[in-house]
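Heads up, the thing below is written out as structure tokens.
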Amino acid sequence: MTNPTPQRLHPLALINEFYHLIREWVIPLIVLLISLTPVLLKAHLTGWLPVAIIVILLVFLIPAGLRYWTFKFALTTDSLVIYSGVFNHQTNHIPYQRIQSVNQTQWAFLKPFNLITLSVETAGHSSSDRPEAVLAVVNATVYAQLMAAQQAATLVTPTAVPQIPTYTINRRDLREFALTSPAFLSVFLLILAGFGKLSESARKALINWAFSSAQHISLLSIIGLILATVLLFYLGSIVTLIMTYYGFTLTRQGDHLIVRRGWFKTRQTEIAIDRIQAIRLKQPLLRHWLHLVTVQLVVISNDHKNDDAANVIVMPVIKQATVNHFLTTFFPQLPPLTLTRNTDPRTCWWNLRNYGLVGLLICLPFSILWRRWGSLSWLIWGLLMPMGLLRSHASSAQVLTPRYLMISTSRWFTRNDYLFQRQHVQSLELRQSIWLHKHAYGHIRLHFRAGQHGRSQTVRYLPITQLQRIRQWYER
């Protein structure tokens, strides 16, 4: 049922506008407060600091209120209409035929009020890093009205569907997904990235402090501190993943997939089948040993700030033996898949050689310059060699049918298998050096779309006969 009368968002949307304004200006505000504090201390006016904070918040409340008051939306018979703008009034008409997906987000504190946030993505919209329309904090009935209006405008008559494919995660699968995830390691990468952004003097001071402190602590204490830190990050990762994927549900309705997940913040993502560019089977090292697989979809999305928008998990964890059953349930047109292991001795040797040389280039300078602590750098070499072995066994490419190609590779300690349809491969490159030409081997690189941008995957050291078959498949 449409409602052509313009209507405002729920009053709680004012809090949402206020939050986004504060988040945009949080760094200047912190700098302002830090600058004001010594001035107030020097003038013995510290009692005015809370007053200054209140005044600043009130200043931000005014534009938030204006944004809320001037934003309206209407569901007409043929389009979603958005009215916005404080001084420059804008009217945005979004025809229902152009709407590709409508995603839902619901914070836990909004559930008692039955309020959600809707993000509308349309075909061909790529001029910004946000969806074309966002209805922040509206009643959940608006979603049903929008879906009904879109269905009526596109003249789609509902037909009786004997069985709708649906999957809901159980406690065991959710627990396995959280326990086998390497997501906690990303915290260390963030720490290293933050360390790299420090000034040179700050880095030197931090390194000197670490070495001087380590001299007064026993080796067992250092190892215990490191293990305790890793354990803390690991437990935090488990709790975060359980809350993020709590109640995970996947449903296929016609030519759309609907993914719903989350406890504190519930997200519902709608994916049009024609936006799927590839299917990715992901196996971090622990899941690879346990024969578990995570299934992701590489899709076209308008949100390039959120990596999850381009890589949507549709199966958090599943036994490797049941992957084909899951895929054919939700994608009946797909051929059977087999996760192969490359046993070519040349591919294995060349990959191991490359990783070993990189390890030597890193470890030798440390061992020579810092003899006492530099020997620990050989742990890096010990990590790189298993990484090279995994890359060697994963590197493969196979033509499944005249329509589908599957390539396998690895990055860090994660095996990735990609299933491509020929029409979704933007370009294909075959690379062969003079040395590889002599041995009749080469590399292949595929370019495809992901999110708003392009992405590529490379498989190295494959026989030239195999590469020629892939080229014939692509040029057919």
inquiry  = Suppose the filter is closer than 21 Å to Asn354 by Cα and out of contact with any strand residue (DSSP E or B) (no Cβ under 8 Å at 6 or more places or on another chain); does Leu390 pass it?
reply    = no
message = For the structure I just gave you, tell me whether Ile94 is within 30 Å of Asp274 (Cα to Cα), surrounded by 13 or more Cβ atoms within 10 Å (Cβ to Cβ) and either of a type outside the set (A, V, I, L, M) or out of contact with any Cys (no Cβ under 6 Å at 6 or more places or on another chain) (or both).
response = yes
query = Counting residues that are touching a residue at least 60 places away in the same chain (Cβ under 8 Å), which strands (runs of 3 or more DSSP E) fully inside the stretch 58-153 reach at least 2?
reply = 72-75, 79-84, 99-107, 115-122, 133-139
query = Is it true that Arg341 is basic (Lys, Arg), in contact with a Gly (Cβ under 9 Å, 6 or more places away or on another chain) and outside any strand (DSSP E or B)?
reply = no
ask   = Can you name every residue in the stretch 424-446 that is touching a residue at least 12 places away in the same chain (Cβ under 8 Å) and among the polar types (S, T, N, Q)?
value = Gln426, Ser427, Gln432
Conditions (1) at pLDDT below 85; (2) surrounded by 11 or more Cβ atoms within 10 Å (Cβ to Cβ); (3) not hydrophobic (A, V, I, L, M, F, W, C); number of the one not met by Thr159 = (2)
note = Of the residues in the stretch 169-187 that are within 18 Å of the chain's Cα centre (by Cα) and not aliphatic (A, V, I, L, M), the one that is surrounded by the most Cβ atoms within 10 Å (Cβ to Cβ) is Phe177
key: Condition met for Pro38 (modelled with pLDDT of 70 or more, more than 17 Å from Phe60 (Cα to Cα) and not in a helix (DSSP H, G or I))   = no
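The values are calculated or read from the model by the stated rules, or taken from the named source; none is laboratory data. What you are looking at is a predicted structure, and each value in this text was computed from that prediction instead of being measured. Note that we place each Cβ from the backbone using ideal geometry, even for glycine, and neighbour counts take in every protein chain shown.
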